[in-house]
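The values are calculated or read from the model by the stated rules, or taken from the named source; none is laboratory data. If you're wondering where the values come from, they're calculated on a predicted model, not measured in any experiment. Using ideal geometry, Cβ is built from the backbone for each residue, glycine included, and neighbour counts are taken over all protein chains shown. For accessibility, only protein heavy atoms count, side chains too; no ligands or nucleic acids. Shrake-Rupley method; radii C 1.70, N 1.55, O 1.52, S 1.80 Å.
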Amino acid sequence: GWGCAVVAARDAADALARTPQGATVGGLLADYHLDEGRTGLDAIARLRLEWGHLPAALITADRTEELREQARAADVAPLNKPLKPAALRALLTQWRARAQPQGSGET
């Protein structure tokens, strides 16, 4: 209902395998704690190598300033758990607005 197509994946390799060839990827949402000691920041970095510098958000229950600083340094928006749907929708709306060409007349 929000105009988004979602590819759910366990990690970066899984996301690459599940995303259709030639698909337009508009942003990345990653949980902080992934399997095998990997983090969402690792996954975002890997996917940006493949798809370019996409907008990204890290979903986490870790509220430490250290993690927030790591996310900011990686140009990743931290989103705290429990994730509120309104916060997610606002972030997706921001991403969509930034992706639209200036003066395109689209709403």
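Kindly provide the set of residues from the stretch 55-78 that are of a type in the set (A, V, I, L, M, F, W, C), assigned to a helix (DSSP H, G or I) and either closer than 26 Å to Arg96 by Cβ or open to solvent by 50 Å² or more (accessible area, probe 1.4 Å) (or both), ordered by number. Steps first, answer last, please.
Of the residues in the stretch 55-78, the ones of a type in the set (A, V, I, L, M, F, W, C) are 56-59, 61, 67, 71, 73-74, 76-77.
Filter again for assigned to a helix (DSSP H, G or I), leaving 67, 71, 73.
Answer for the stretch 55-78, where residues must be of a type in the set (A, V, I, L, M, F, W, C), assigned to a helix (DSSP H, G or I) and either closer than 26 Å to Arg96 by Cβ or open to solvent by 50 Å² or more (accessible area, probe 1.4 Å) (or both): Ala71, Ala73.
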Original post:
List, please: which pairs have Cβ atoms under 8 Å, are six or more places apart or on different chains, and start with a residue in the stretch 53-66 that is touching a residue at least 40 places away in the same chain (Cβ under 8 Å) and end with one that is among the small types (Gly, Ala, Ser) and open to solvent by 50 Å² or more (accessible area, probe 1.4 Å)?
Top reply: Pro55/Gly26
Subject >> In the stretch 1-54, the residues that are open to solvent by 80 Å² or more (accessible area, probe 1.4 Å), in a loop (DSSP other than H, G, I, E, B) and closer than 21 Å to Leu88 by Cβ >> reply: Gly1, Trp2, Ala5, Val6, Arg10, Thr24, His53
Original post:
List pairs: first in the stretch 83-99 and open to solvent by less than 60 Å² (accessible area, probe 1.4 Å), second of a type in the set (S, T, N, Q), Cβ under 9 Å, 6+ apart or cross-chain?
Top reply: Ala87/Asn80
